[in-house]
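A.B. asks: For reference, the structure I am asking about is given below.
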Amino acid sequence: MTQPPDVRTVPPPPQSAPPGSPEQSSGLPPPENPPGRTTAWTEGVRRLRTAATTEPGRLRIIGAALAALIVVFGAVTAWQVSDRSDAAASVVDHSQPLSAEAASIYRSLATANTTASSGFLAGGDEPRSVRERYELNVRTASELLASAAANSRGSASAQRQIAKLNRELPRYTGLVESARANNRQGLPLGGAYLRYANERMHEELLPAAKELYETETARLHQDYDDAKSWPWIALTLGVLTMAGLGWAQRRHYHRTNRVFNPGLLGATAATLVALLWLTAGHAFARSGLGESDEHGARSLHALNEAWIGSLQARGEENMWLVARGAGSEYDESYGKRMNAVAGSPKGEMGGQLAAALSRADDAQGRDPVDDAYESVKDWRKRHNEARAMEDSGRYDAAVDLVIQPKGSTGESFDEVDESLKKASEHEQAEFERAADDGRGALTWLAVGAAVLAVLGAAAALLGIGRRLSEYR
């Protein structure tokens with residue numbers, strides 16, 4: 001009797017693709033992933049939606065969101081505070097010193113030019129102190145240029161001006177030496193050399209030094225703006241984080257009738273401390289930096305303008321006599337520069353000295369400026385006397401009234417120079433004190449914000465974890 005075949009061992013017939021399907025026409029096997037299969041992403045979204053329908057799932061989502069928000073707030077705070085702290089440090093340690101250095105370069109060059117003309121007027125009897133003063137200022141300018149070149153590598157404009165100054169300064173000193181050599185021999189060619197040296201100073205060296213000063217001052221103002229700008233992103237995130245924590249605790253209260261959740265309360269406290277620290281710290285930093293700018297950097301700028309103006313006026317006065325009767329142009333320029341420094345000779349203090357006085361905030365800053373103005377008045381009076389002597393043909397007497405150590409316009413100029421130096425030293429100290437206070441307000445804020453963010457995130461997760469344990 002024939003046994004029927006065991007149907008369990010018979011393989012199923014192969015399934016053919018439907019007629020006209022792409023698989024049948026191409027001869028390819030059917031796809032391994034049948035339609036409707038979910039990917040990892042869609043599966044994750046599905047599980048998240050499913051979890052959100054249960055209270056434990058919602059709590060996990062809330063805890064993760066709060067922790068992430070706190071951490072992001074701390075990270076952004078640390079980032080923005082670090083940027084402002086770096087800018088404040090740049091104000092104190094880099095841009096303001098460079099601005100002051102550039103002003104010193106200008107003053108050293110102007111003083112050297114003024115001293116060279118004073119020595120020339122003394123003829124063969126040039127005092128050794130005048131010669132040494134000239135050499136000191138030339139050497140100081142050279143040293144400051146080397147320092148500025150090393151510290152201004154990030155500014156192409158500053159580098160161009162420094163290169164120009166380094167190129168022109170030896171040419172200027174060479175002309176001065178030629179003028180001095182001819183003057184000692186009594187040759188009139190010495191005056192021509194000195195006038196050409198003075199021309200090079202005013203057309204090449206001083207404009208380059210001024211542009212260098214303006215470049216460094218602009219960098220200083222940019223650093224001030226960066227350091228004082230409010231960290232709006234961090235503050236906004238801080239407010240949003242506090243709102244999220246408040247909403248979570250309110251939700252907790254309505255669902256459990258418990259007033260406090262220790263973990264969420266700790267997270268709120270940590271976030272609040274970070275937010276208040278950020279706000280107060282930055283406000284104090286702005287205040288200190290603003291004071292250093294208003295009563296330090298800007299006061300120094302006004303004093304530098306008056307100081308440089310007085311140096312230029314002294315140089316024009318000397319060149320007026322060097323020209324020997326053909327110096328009306330120099331005398332006119334002297335008058336304009338003195339008006340710019342101190343205002344009209346018939347009125348009250350004005351010009352750059354008045355601007356410097358208005359920015360001084362204490363007697364130590366005001367008194368030297370008042371003294372400078374009194375010396376300017378004496379200077380003007382003596383200059384008028386010297387001009388009357390020169391007009392009447394008493395040239396040698398006019399020279400003595402300009403260059404003699406006592407009772408001369410030179411003495412008045414030295415008094416102005418010393419007073420403005422004293423005022424500048426005081427304002428520099430005021431700047432450093434206020435700027436250090438401003439920078440100090442940001443100390444440890446970035447690190448503190450990061451630590452508080454970690455503690456706050458951990459506390460939020462702990463608070464949510466305690467609530468989740470009630471469902472186990």
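A.B. asks: Restricting segment 390-429 to residues that are part of a helix (DSSP H, G or I) and of a type in the set (S, T, N, Q), which is surrounded by the fewest Cβ atoms within 10 Å (Cβ to Cβ)?
C.D. replies: Initial filter on segment 390-429 (part of a helix (DSSP H, G or I)): 390-391, 395-403, 409-429.
Checking which are of a type in the set (S, T, N, Q) leaves us with 409, 412, 419, 424, 428.
Details: T409: 26, S412: 22, S419: 25, S424: 23, Q428: 18.
Once the filter is applied, the top-ranked residue is Q428.
A.B. asks: For segment 332-353, how many residues are without any contact (Cβ under 8 Å) to a residue 12 or more places away in the chain, open to solvent by less than 60 Å² (accessible area, probe 1.4 Å) and part of a helix (DSSP H, G or I)? Break it down stepwise before answering.
C.D. replies: Taking segment 332-353 first, the residues without any contact (Cβ under 8 Å) to a residue 12 or more places away in the chain are 332, 335-336, 343-344, 346-348, 350.
Next, from what is left, pick out any that are open to solvent by less than 60 Å² (accessible area, probe 1.4 Å): 335, 343, 347, 350.
From the residues that got through so far, the ones that are part of a helix (DSSP H, G or I) too are 335.
Count: 1.
A.B. asks: State which residue is most open to solvent (accessible area, probe 1.4 Å) when the search covers only segment 360-389 and only residues that are in contact (Cβ under 8 Å) with a residue 24 or more places away in the chain and of a type in the set (S, T, N, Q).
C.D. replies: Among them, the one singled out is Q364.
A.B. asks: Let me ask something else about it. Name every residue in segment 137-184 that is open to solvent by 60 Å² or more (accessible area, probe 1.4 Å), over 17 Å from A209 (Cβ atoms) and at pLDDT 90 or above, in order of residue number.
C.D. replies: E177
A.B. asks: Yes or no: segment 355-368 includes at least one residue that is among the small types (G, A, S), outside any helix (DSSP H, G or I), closer than 30 Å to T443 by Cβ and in contact with a Lys or Arg (Cβ under 6 Å, 6 or more places away or on another chain).
C.D. replies: Within segment 355-368, the subset among the small types (G, A, S) is 355-356, 358, 360, 363, 365.
With outside any helix (DSSP H, G or I) added as a condition, the list becomes 360.
Applying the additional criterion that residues be closer than 30 Å to T443 by Cβ yields 360.
If we keep only those that are in contact with a Lys or Arg (Cβ under 6 Å, 6 or more places away or on another chain) too, we end up with 360.
Looking for residues that are among the small types (G, A, S), outside any helix (DSSP H, G or I), closer than 30 Å to T443 by Cβ and in contact with a Lys or Arg (Cβ under 6 Å, 6 or more places away or on another chain), one finds at least one in segment 355-368, hence yes.
A.B. asks: So, in segment 445-472, of the ones that are surrounded by fewer than 16 Cβ atoms within 10 Å (Cβ to Cβ) and modelled with pLDDT of 90 or more, which residue ends up nearest to L66 (Cα to Cα)?
C.D. replies: For segment 445-472, the residue satisfying everything is V454.
A.B. asks: Starting from residues that are assigned to a loop (DSSP other than H, G, I, E, B) and either out of contact with any His (no Cβ under 8 Å at 6 or more places or on another chain) or acidic (D, E) (or both), keep the ones in segment 257-279 and report whichever is surrounded by the most Cβ atoms within 10 Å (Cβ to Cβ). So that I can check it myself, show each step before the final result.
C.D. replies: Here is the first cut: in segment 257-279, the ones assigned to a loop (DSSP other than H, G, I, E, B) are 257-261.
Pick out the ones that are also either out of contact with any His (no Cβ under 8 Å at 6 or more places or on another chain) or acidic (D, E) (or both) and you get 257, 259-260.
Working: N257: 7, V259: 9, F260: 11.
Taking the candidates together, the pick is F260.
A.B. asks: Picking from E204, E199, E216, which residue would you name as being open to solvent by 60 Å² or more (accessible area, probe 1.4 Å), closer than 30 Å to A158 by Cβ and not hydrophobic (A, V, I, L, M, F, W, C)? Break it down stepwise before answering.
C.D. replies: Details: E204 fails: open to solvent by 60 Å² or more (accessible area, probe 1.4 Å); E216 fails: open to solvent by 60 Å² or more (accessible area, probe 1.4 Å).
Testing whether each residue is open to solvent by 60 Å² or more (accessible area, probe 1.4 Å), closer than 30 Å to A158 by Cβ and not hydrophobic (A, V, I, L, M, F, W, C) leaves just E199.
A.B. asks: Among (1) outside any helix (DSSP H, G or I); (2) of a type outside the set (S, T, Y); (3) at negative phi; (4) out of contact with any helix residue (DSSP H, G or I) (no Cβ under 7 Å at 6 or more places or on another chain), there is one condition E329 misses while meeting the rest; what is its number?
C.D. replies: With (1) outside any helix (DSSP H, G or I); (2) of a type outside the set (S, T, Y); (3) at negative phi; (4) out of contact with any helix residue (DSSP H, G or I) (no Cβ under 7 Å at 6 or more places or on another chain) applied to E329, the lone miss is (1).
A.B. asks: Something else now. Inspect all residues belonging to segment 36-56 and state whether any of them is surrounded by 12 or more Cβ atoms within 10 Å (Cβ to Cβ), modelled with pLDDT of 75 or more and out of contact with any Gly (no Cβ under 9 Å at 6 or more places or on another chain).
C.D. replies: Yes: segment 36-56 contains one or more residues that are surrounded by 12 or more Cβ atoms within 10 Å (Cβ to Cβ), modelled with pLDDT of 75 or more and out of contact with any Gly (no Cβ under 9 Å at 6 or more places or on another chain).
The values are calculated or read from the model by the stated rules, or taken from the named source; none is laboratory data. None of these values were measured; they are calculated from a predicted model. Cβ sites come from the backbone with ideal geometry, for glycine too, and all protein chains shown count toward neighbours. When the accessible area is computed, the model is the full protein with side chains, heavy atoms only, and any ligands, DNA or RNA have been set aside. Shrake-Rupley method; radii C 1.70, N 1.55, O 1.52, S 1.80 Å.
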